[in-house]
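Following: one structure in structure tokens, then a few remarks.
The values are calculated or read from the model by the stated rules, or taken from the named source; none is laboratory data. Bear in mind the structure is a predicted one, so any value in this text is a computation, not a measurement. All Cβ positions, glycine included, derive from the backbone under ideal geometry; neighbour counts span all protein chains shown. Ligands, DNA and RNA are stripped out before the accessible areas are found, and what is left, the full protein with its side chains, is counted by its heavy atoms. Shrake-Rupley method; radii C 1.70, N 1.55, O 1.52, S 1.80 Å.
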Amino acid sequence: MKKAKVLLAGSLILNILFIGIGGYLIHKQGGIAFIKEQVANATSSQKYPDYYVQNKDIFESIRVAKADKIFVGDSITDHGEFQEYYLDQTVLNRGISEDTSDGVLNRIGEVAERSPKEVYLMIGINDIGAGVDAKTYQKNVEKIIESFDKNSTKVVLQSILPINNRDFNNDLSNKKIHEFNAILQQMAQKYGVDYIDLHTAFEDSDGQLKKDITIDGIHLKGEGYRIWMGKLNNR
């Protein structure tokens, strides 16, 4: 009887701990709003997240007579203030957080229609996180490149940046990033477009994203964007 009570007490303590930890994690993610979002995503037949759908619609509703540079990508692009680095040019940001090569392909028409002088693509880290295979990624990138008229638009493929899973809790693979970057290099050679190796400038001696330029091992601080723009302007 005593043993049973001890087991019961232990079980109760573990349940309380699990509930407490779960509650803390939910709170960190945004509380009730986070739960509602997860339920909505689980029950919705919508292929892309609300943030993607909203921004795609906003981008398509805007008409700009001319664009010198357009940056296309996921959250790493989304967070960049690229116009600040090119005050004498028209620069558009077409980054959408959590986007993948499939998502970019689904919305690249809006970018291509603007016939920018230069388009800079950085995409792939979320493909890796979602387990997209290399063949599918390659096909998507090829179709994105083919969306542009090379006579009017210079397409620039930018390497996927390294991640830091040594100092931060990230389980993405830098080995996979190298594999995807090799695909980008191959596509650049095949289609005669530019490839910029940003990866090397962002990694430390261990092959990790430099700790002092990231907030979470993936996303960049201001110094990271300064290095990025420096690489583009000095190539």
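Can you tell me how segment 66-112 classifies by the Cα gyration tensor, rounded, prolate or oblate, using a/c under 1.5 as the rounded cut? The partial results should precede the final answer.
Working: a/c = 4.27, a/b = 1.50, b/c = 2.85.
Oblate, since a/c reaches 1.5 and b/c is not below a/b.
Quote the FRET efficiency, to the nearest 0.05, computed for Arg235 versus Val53 with a Förster distance R0 of 35 Å and r equal to the Cβ-Cβ distance. All intermediate terms of the calculation are to be shown ahead of the outcome.
On the way: r = 35 Å, r/R0 = 0.99.
The computed FRET efficiency comes out at 0.50.
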Legend entry - Alpha-carbon centroids, segment 188-231 and segment 130-149: separation in whole Å: 21
Legend entry - Where labels lie 7 Å past Cα in the beta-carbon direction, separation of Glu179 and Asp88 in nm: 4.5
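When only the heavy atoms of the protein chains count and the probe is 1.4 Å, how do Thr136, Thr200, Thr100, Thr153 rank by accessible area, highest first?
Working: Thr136 60, Thr200 80, Thr100 30, Thr153 5 Å².
Putting Thr136, Thr200, Thr100, Thr153 in descending order of accessible area: Thr200, Thr136, Thr100, Thr153.
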Inset, instruction - For Leu105, Leu198, write out the residues from largest to smallest accessible area, computed with a 1.4 angstrom probe and no ligands counted. - result: Leu105, Leu198
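Packing-wise, with mean Cβ within 10 Å as the measure, how do 79-85, 56-62, 89-95 rank, highest first?
89-95, 79-85, 56-62
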Inset, instruction - Provide the per residue accessible area, probe 1.4 Å, for segment 50-200, rounded to a whole number of square angstrom. - result: 47
